[in-house]
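The values are calculated or read from the model by the stated rules, or taken from the named source; none is laboratory data. Given the structure is predicted, the values throughout are model-derived calculations rather than measurements. Backbone-built Cβ (ideal geometry, glycine too); neighbour counts: all protein chains shown. These accessible areas exclude ligands, DNA and RNA; they are computed on the full protein's heavy atoms, side chains included. Shrake-Rupley method; radii C 1.70, N 1.55, O 1.52, S 1.80 Å.
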Amino acid sequence: MKTINDISFKDKKALIRVDFNVPLNENFEVTDDTRIQSAKPTVIKILEDGGSCVLMSHMGRPKGVQDEFSLRHIVEKIEDVIGVEVKFVEDCVGSKVEEATMNLKPGEVLLLENLRFHDEEKAGDKAFAEKLSRLGDIYVNDAFGTAHRAHASTTIVAQFFPEKKCFGYLLAQEIESIQKVMETGEKPVLAVLGGAKVSSKITIIENILDKVDHLIIGGGMTFTFIKAQGGSVGDSICEDDKMELAIDILKQAEAKNVKIHLPVDVLAANAFSNDAATQVVDVNQIPDGWQGLDAGPKSKAIFNDVVNQCKTILWNGPLGVFEMESFASGTIELGNSIAEATKNGAFSLVGGGDSVAAVKQFGFQNKVSYVSTGGGAMLESLEGKTLPGIAAILS
Ligand code: AMP
């Protein structure tokens, strides 16, 4: 895997695809700068080598040019985080932009305007990618969050740098973390899959059965498995049309010697509300009018035991409706167990979809080994797909 460590950037201009798709408030202030922080090590390494950086990113989903999506709004924040002056140019292709990159000196940083102001970006247009390629000597992809998209700046542009393209530190770290779980991780390997629906996680489950020793299935997905095995799930979320699939997954797991752990009890509520009446019930005997919204105490204890036996842990998806305080404790306790296992030497990776929101909400981000920066990109990686942005650097 070629990373920025394999290249000297002295007197070179690096064209870096970063993911600065950061949230802004109504005053256009950045409310979460994680993604800018994540790109900092790559930018610093290139500047310290004696090179210069041309940063390109998208932000939001603009329809043509819309000032509210201008990257101009985040210039100051980037300067604060990275600690160097950031020049800004009001487009991302064209003669004015080429001139700005031509005038860039070693040690300087230039930010381009939002790539998605041009429809050609998302279309993966080759002529547009060629125009982008004029803006640097070496192409660096450091945007994991868009690595699953074959857009001009994430994938197509790489063809114009056949010998001069590499991964930035962030993207390299994301790839290594996934490999640690899926290929090289110390055994026993555990995946915890929670969240709402079996249907959205099917491909992940099927792919992961070849990689793990233990699989904890929690959250709303539980009830499709329980009902399929003859349990009563009351009013819990359940996908009847996926019951056959659930049985097939259980059979596949047995054949592959993967131990599946489903909740044995749940905290059930008489309404989908934080203030609903609740009771702990056996997962197979949820009364009508009641729905399972969190893991019960016996399940939490079992999951804690499993987590503590394992040396490599992947966590995707909450164990309950964590957005409501009354149903957050299963997810919090699982996070605590994973934090403890990590402290004792396990490698833990959290990512995909909403998992990162849960981890941040409960302050686990510094207690696990790695929190992925890509929602969709992570899910597709766990499904076993080769992401186009990654393939473009490797080819
Ligand atoms: P996902 O995006 O598939 O990871 O699903 C995350 C969502 O699953 C969160 O919004 C949770 O509130 C929801 N969820 C977790 N457990 C349950 C449950 N038992 N019943 C309904 N929704 C759930």
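A few remarks follow.
- Kirkwood radius, the chain, all distinct C-alpha pairs, inverse of mean reciprocal distance: 22.4 Å.
- Directionally averaged projected area (convex hull, Cα atoms, region 30-134), nm²: 6.6 nm²
- Where only alpha carbons of region 94-221 are counted, the Rg and the Dmax (Å): 19.8, 56
- A 1.4 Å probe run over the chain, with the rest of the protein chains in place, finds 42 Å² accessible per residue.
- Excluding same-chain neighbours fewer than eight residues apart, the aspartates and glutamates reachable from Lys164 by a Cα-Cα span under 13 Å are Asp6, Asp137.
- Only Cα pairs under 8 Å and 6+ residues apart enter the sum, and on that basis the relative contact order of region 4-173 stands at 28 percent.
- Length-normalised contact order for region 155-280 - Cα pairs under 8 Å, 6+ apart - percent: 20 percent
- Annotation for region 130-193: trypsin sites (Lys or Arg not before Pro) lying in DSSP loop with at most 15 further Cβ atoms inside 10 Å of their Cβ are Arg134.
- Residues of region 229-262 with amide N under 18 Å of a point placed 7 Å along Cα→Cβ from Asp282: 229-236, 262
- Cα shape, region 185-382, gyration tensor, a/c 1.5 rule: oblate
- Across Thr184, Thr42, the residue with the most accessible area heads the list, and the full order at a 1.4 Å probe is Thr184, Thr42.
- Of the GluC sites (Glu not before Pro) found in region 258-349, the ones in coil according to DSSP and having at most 14 other Cβ atoms within 10 Å of their Cβ are Glu323.
- Among the lysines of region 34-144, pairs at least eight places apart or on separate chains and with Cα atoms under 22 Å apart come to 19.
- Surface composition of the chain: carbon plus sulfur atoms contribute 46% of the solvent-accessible area (1.4 Å probe, protein chains only, all chains present).
- Considering only the chain, percent of DSSP beta bridges that pair antiparallel, nearest 5: 20 percent
- Farthest towards the positive end of the charge dipole of the chain, among the residues Gly375, Pro41, Met59, is the Cα of Pro41, using unit charges on the Cβ of Lys, Arg, Asp and Glu.
- Region 55-92: trypsin sites (Lys or Arg not before Pro) in DSSP loop, at most 12 other beta carbons within 10 Å: Lys63
- Cα-based shape type of region 219-312, given that a ≥ b ≥ c are square roots of the gyration tensor eigenvalues and the cut on a/c is 1.5: oblate
- Look at the alpha carbon pairs under 8 Å that are at least 6 residues apart: their mean separation over the length of the chain gives a relative contact order of 15 percent.
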